[in-house]
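Working notes, beginning with the structure itself.
The values are calculated or read from the model by the stated rules, or taken from the named source; none is laboratory data. These numbers come from a predicted model, not from an experiment. We place every Cβ from the backbone using ideal geometry, glycine too, and count neighbours over all the protein chains shown.
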């Protein structure tokens, strides 16, 4: 992989100067969906698939971006001076946004760069290809410009770029998971204060299987920002009767006690998901610590049902694939993962059943939806590295 990337870099940008290969992972969230902007807990892990880049400083202000995933777009040119989002720049708005954010936060980015990227995360799949790209770019900037920035700060700067430059009002989970990944461990993160702990993913003879519906979704164009706004309105209603800063502070019992204050039935459903999903996530991590993988799986299933009926972010493709998955022999749990409206679902499957599982779920999905799903048996990896 490294040799291929270096050869491609020289082919696109020419040889000469110093350049290295960098990597940042994608992520999958095992449970705790749409809780990260509601002050709740999440439980993601970094993957061994992700985004690679080759980067070299220039002697001028010019920025040149090239993606092996979008070769037809060619080299996208910009400058470190007066960076702004441009529709024509397509995927390059993500790394541009990170460079803009570093400048905004007074980090000295005093020369242009040549940057070649390649991702082996399926684009638009919900495995955080955009967060991986952002975190990778932030990591590259720290190395090229000698910046002393922690991985948590790289995550926060990347989130800021997505919120303020790209225009997607995402929470911190995706960038945090990509930046803070640790091999064979998931991250139990409290998004209210960024306190976190690593939890060993001891799945015994089970495997994590990601099911890609191949229904693409663009986060900026999806109802993501709408859901966030609905939760904010519900929170404002609740704050008139209970002293809280975020929905994640409520237990299920407290929510049931105070939900009368939420004016809209729709907003009450959204808030219910945020509260109950947060509690499910806390219970799921306890179950894992107790080596109760069966309970962990049941909580995953309950999470999907809540996302389907209370939060309404699944859609026919995700519901079809999860329903097919849950019926199979050897399945411990399954649910959609990511923002929803397409993308991926995640399942935990006994190793001996994986092959048949992929065959059966794939068959049912194609019969129902009309096109194929893709399946990945994934491993849990580390955060960003220089290769």
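Scanning region 233-268 for residues that are closer than 16 Å to residue 40 by Cβ, touching a helix residue (DSSP H, G or I) at 6+ places or on another chain (Cβ under 8 Å), touching a residue at least 24 places away in the same chain (Cβ under 8 Å) and assigned to a helix (DSSP H, G or I) turns up 234, 235, 238, 247, 248, 252.
Checking the stated criteria, residue 97 turns out to be in contact (Cβ under 8 Å) with a residue 60 or more places away in the chain and more than 19 Å from residue 68 (Cβ to Cβ).
Take the residues in region 111-131 that are in a loop (DSSP other than H, G, I, E, B) and at pLDDT 95 or above, then tell me which one is farthest from residue 341 (Cα to Cα). Residue satisfying both the conditions and the ranking: 111. Determine if region 175-192 includes at least one residue that is out of contact with any strand residue (DSSP E or B) (no Cβ under 8 Å at 6 or more places or on another chain), assigned to a helix (DSSP H, G or I) and either on the phi > 0 side of the Ramachandran plot or free of Cβ contacts under 8 Å to residues at least 40 places away in the same chain (or both). No, every residue in region 175-192 fails to be out of contact with any strand residue (DSSP E or B) (no Cβ under 8 Å at 6 or more places or on another chain), assigned to a helix (DSSP H, G or I) and either on the phi > 0 side of the Ramachandran plot or free of Cβ contacts under 8 Å to residues at least 40 places away in the same chain (or both). Screening residue 291 on (1) within 20 Å of the chain's Cα centre (by Cα); (2) not in a helix (DSSP H, G or I) shows it passes everything except condition (1).
Restricting attention to region 376-387, the residues that are in a strand (DSSP E or B), modelled with pLDDT of 95 or more and in contact with a helix residue (DSSP H, G or I) (Cβ under 8 Å, 6 or more places away or on another chain) total 1.
When only residues in region 161-197 that are within 19 Å of residue 292 (Cβ to Cβ) and in contact with a helix residue (DSSP H, G or I) (Cβ under 9 Å, 6 or more places away or on another chain) count, which is surrounded by the most Cβ atoms within 10 Å (Cβ to Cβ)? Filtering first and then ranking leaves 186.
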